[in-house]
Amino acid sequence: LKIGVLISGSGSNLQAIIDEIEAGRLDAEVCVVISSRPDAYGLVRAQQAGIKTVALCKDVYADYESANASIAAELKAAGCEYVVMAGYMRMVTDPILDAFPDRVLNLHPALLPSFKGAHAIRDAYEAGVKVTGATVHFANAEYDKGPIVAQRAVEIAEDDTLDSLEEKIHAVEHVLYPEALQMIAEGRVTVGDDRKVHIAPRG
Ligand code: GRF
């Protein structure tokens, strides 16, 4: 499975994907890593793994549609089949979604449709819910709303702090995202006419 990864920050999920590929548990190749920020640490991780990187500076985003068009062009040029958002803090818009229909994935640090938005871990913690988690879903034009591929629960214990909860959720994400990608690599994941994700058993 040829993937392009979009990042904006630390890239720990990118690292988990790279590690699972190197360990032979994820049948994928990261063709390019594109960052919305030139100072994202994830770019260093990509370079250390010998992966082509593209960093977009702020000015590029002044014109959002053309920024997304140039990202789509980079992804296509690198031969990507799927686009993997991993801590990418920008909206993907039509130029990318149209070029990769039902092939853009996002990772969200809560059990969607609960706690959408940029502060999902904190929002869940402050709401006092006892279970939250992580979600892998296909991205569409509506933020945090596309068809859900995989989810895993994380319990919030009495002695959890926001920091410890963040750690638990990130640890789960680092397992869940590569697993979801492996299901896709095995050709088991489809989006049905009902706009839900259907997962075929291992064949
Ligand atoms: C993850 O918590 C992900 O759910 C959210 O952004 C974070 C990315 O972390 N969308 P990293 O850059 O992969 O370390």
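Listed here are the residues, each with its yes/no results for (1) within 24 Å of Ser10 (Cα to Cα); (2) crowded, with 20+ Cβ neighbours inside 10 Å; (3) more than 13 Å from the ligand (Cβ to nearest atom); (4) without any contact (Cβ under 8 Å) to a residue 12 or more places away in the chain.
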{"residue": "Val83", "(1), (2), (3), (4)": "yes, yes, yes, no"}
{"residue": "Met89", "(1), (2), (3), (4)": "yes, no, no, no"}
{"residue": "Val104", "(1), (2), (3), (4)": "yes, yes, yes, no"}
{"residue": "His108", "(1), (2), (3), (4)": "yes, yes, no, no"}
{"residue": "Glu126", "(1), (2), (3), (4)": "no, no, yes, yes"}
{"residue": "Thr135", "(1), (2), (3), (4)": "yes, yes, no, no"}
{"residue": "Phe138", "(1), (2), (3), (4)": "yes, yes, yes, no"}
{"residue": "Glu142", "(1), (2), (3), (4)": "no, no, yes, yes"}
{"residue": "Val154", "(1), (2), (3), (4)": "yes, yes, no, no"}
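Give region 149-184 a look and list any residue that's small (Gly, Ala, Ser), over 15 Å from the mean Cα position of the chain (by Cα) and not in a loop (DSSP other than H, G, I, E, B), or say none.
Initial filter on region 149-184 (small (Gly, Ala, Ser)): 150, 153, 157, 164, 171, 180.
Those still in the list that are over 15 Å from the mean Cα position of the chain (by Cα) too: 153, 157, 164.
Across region 149-184, the qualifying residues are Ala153, Ser164.
Keeping to region 106-131, report how many residues are in a loop (DSSP other than H, G, I, E, B) and in contact with a strand residue (DSSP E or B) (Cβ under 6 Å, 6 or more places away or on another chain).
So the count comes out to 4.
Residues are listed down the side, and each one gets a yes or a no for (1) charged (D, E, K, R); (2) modelled with pLDDT of 95 or more; (3) in a loop (DSSP other than H, G, I, E, B); (4) more than 10 Å from the ligand (Cβ to nearest atom):
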residue: Leu6; (1), (2), (3), (4): no, yes, no, yes
residue: Gly9; (1), (2), (3), (4): no, yes, yes, no
residue: Gln15; (1), (2), (3), (4): no, yes, no, no
residue: Asp27; (1), (2), (3), (4): yes, yes, yes, yes
residue: Cys31; (1), (2), (3), (4): no, yes, no, yes
residue: Ile34; (1), (2), (3), (4): no, yes, no, yes
residue: Gly42; (1), (2), (3), (4): no, yes, no, no
residue: Gly50; (1), (2), (3), (4): no, yes, yes, yes
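Could you identify the single residue in Ala141, Ala157 that is over 25 Å from Tyr41 (Cβ atoms), at pLDDT below 95 and not basic (Lys, Arg)?
Working: Ala157 fails: at pLDDT below 95.
So the residue among Ala141, Ala157 that is over 25 Å from Tyr41 (Cβ atoms), at pLDDT below 95 and not basic (Lys, Arg) is Ala141.
If you take the residues in region 16-50 that are among the hydrophobic types (A, V, I, L, M, F, W, C) and in contact with a Cys (Cβ under 8 Å, 6 or more places away or on another chain), which one is nearest to Ala185 (Cα to Cα)?
Cys31
The values are calculated or read from the model by the stated rules, or taken from the named source; none is laboratory data. Remember, predicted model here, so these are calculated numbers, not experimental data. Note that we place each Cβ from the backbone using ideal geometry, even for glycine, and neighbour counts take in every protein chain shown.
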